[in-house]
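What follows is a short report on a single structure.
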Amino acid sequence: QVYLVESGGGTVRAGKSLRLECSATIRIFRFHTMGWYRQAPGKERELVATITAGDKITYADSVRGRFTISRHNDRETVDLQMDSLKPEDTAVYYCEAEEGLEIYWGQGAQVTVSS
């Protein structure tokens, strides 16, 4: 069984920061690629950032330089530090885990950025 639980969402003003945390229950956490995706109202779910088992990181162009993904294998968590937030970052943010060909999702955390 795989369980992903996000925490840390909320509402902030533009320019402020938020930190999301995903707590994972997954077999041998350190072997898996983990990621964050987001979905804004009326839009498709899109990649925000991913981090592989070997700590290779990928960012969406829209967040590069403002967001930082990190993983903590000892605690089985993956974080997303979001700085200089913009109203267009408003979305539901989902934690994602990859196990072979299987992809698992958390329930999502709402992030709202007001102007």
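The values are calculated or read from the model by the stated rules, or taken from the named source; none is laboratory data. No experiment lies behind these values; they were computed from the predicted model shown. Every residue, glycine among them, receives a Cβ derived from its backbone with ideal geometry; neighbour counts consider all protein chains shown. Accessible surface areas use protein heavy atoms only, side chains included; no ligands, DNA or RNA. Shrake-Rupley method; radii C 1.70, N 1.55, O 1.52, S 1.80 Å.
So residue 103 passes all but one of these: (1) among the β-branched types (Val, Ile, Thr); (2) outside any strand (DSSP E or B); (3) open to solvent by 50 Å² or more (accessible area, probe 1.4 Å). Which condition number does it fail?
Condition (2) is where residue 103 drops out.
Taking the range 14-23 as the search range and keeping residues that are under 12 Å from the mean Cα position of the chain (by Cα) and in contact (Cβ under 8 Å) with a residue 60 or more places away in the chain, which one is farthest from residue 4 (Cα to Cα)? Walk me through it before giving the result.
Quick first cut of the range 14-23, residues under 12 Å from the mean Cα position of the chain (by Cα) only: 18-23.
Subset that is in contact (Cβ under 8 Å) with a residue 60 or more places away in the chain: 18-20, 22.
On the way: 18: 19, 19: 16, 20: 12, 22: 6 Å.
Only one residue fits best here, namely 18.
State the number of residues belonging to the range 74-95 that are surrounded by fewer than 15 Cβ atoms within 10 Å (Cβ to Cβ) and either among the aromatic types (Phe, Trp, Tyr) or more than 14 Å from the chain's Cα centre (by Cα) (or both).
Residues that pass the stated criteria total 6.
Which one of the conditions (1) assigned to a loop (DSSP other than H, G, I, E, B); (2) free of Cβ contacts under 8 Å to residues at least 24 places away in the same chain; (3) more than 21 Å from residue 8 (Cα to Cα) does residue 74 fail to meet, given that it meets all the rest?
In the conditions (1) assigned to a loop (DSSP other than H, G, I, E, B); (2) free of Cβ contacts under 8 Å to residues at least 24 places away in the same chain; (3) more than 21 Å from residue 8 (Cα to Cα), residue 74 misses (3) alone.
Under 8 Å between Cβ atoms, at least 6 apart or on separate chains: pull out the pairs that start in the range 89-115 with a residue that is modelled with pLDDT under 95 and end on any residue that is open to solvent by 70 Å² or more (accessible area, probe 1.4 Å).
From residues that are modelled with pLDDT under 95, the pairs are 99/27; 115/13.
In the range 20-42, how many residues are in contact with a strand residue (DSSP E or B) (Cβ under 6 Å, 6 or more places away or on another chain), exposed (fewer than 15 other Cβ atoms within 10 Å of the Cβ) and not in a loop (DSSP other than H, G, I, E, B)? Outline the logic, then answer.
Of all residues in the range 20-42, those in contact with a strand residue (DSSP E or B) (Cβ under 6 Å, 6 or more places away or on another chain) come to 20-26, 32-40.
Subsequent filtering for residues that are exposed (fewer than 15 other Cβ atoms within 10 Å of the Cβ) retains 25, 39-40.
With the extra rule that they be not in a loop (DSSP other than H, G, I, E, B), the set shrinks to 25, 39.
Of the residues in the range 20-42, 2 are in contact with a strand residue (DSSP E or B) (Cβ under 6 Å, 6 or more places away or on another chain), exposed (fewer than 15 other Cβ atoms within 10 Å of the Cβ) and not in a loop (DSSP other than H, G, I, E, B).
Given the residues 71, 64, 45, which is the only one that is open to solvent by less than 60 Å² (accessible area, probe 1.4 Å), at pLDDT 95 or above and not aliphatic (A, V, I, L, M)?
Working: 64 fails: open to solvent by less than 60 Å² (accessible area, probe 1.4 Å); 45 fails: open to solvent by less than 60 Å² (accessible area, probe 1.4 Å).
None of the other options fit; the residue is 71.
Those residues that are farther than 16 Å from residue 36 by Cβ and either assigned to a loop (DSSP other than H, G, I, E, B) or modelled with pLDDT of 95 or more (or both), I need them from the range 3-15; list them, please. Before the answer, list the steps.
First, pick out the residues of the range 3-15 that are farther than 16 Å from residue 36 by Cβ: 3, 11-15.
Residues satisfying the conditions are 11, 12, 13, 14, 15.
Going by the structure shown, is residue 50 touching a Gly at 6+ places or on another chain (Cβ under 6 Å), among the polar types (S, T, N, Q) and farther than 15 Å from residue 10 by Cα?
Working: touching a Gly at 6+ places or on another chain (Cβ under 6 Å): yes; among the polar types (S, T, N, Q): yes; farther than 15 Å from residue 10 by Cα: yes.
It is true that residue 50 is touching a Gly at 6+ places or on another chain (Cβ under 6 Å), among the polar types (S, T, N, Q) and farther than 15 Å from residue 10 by Cα.
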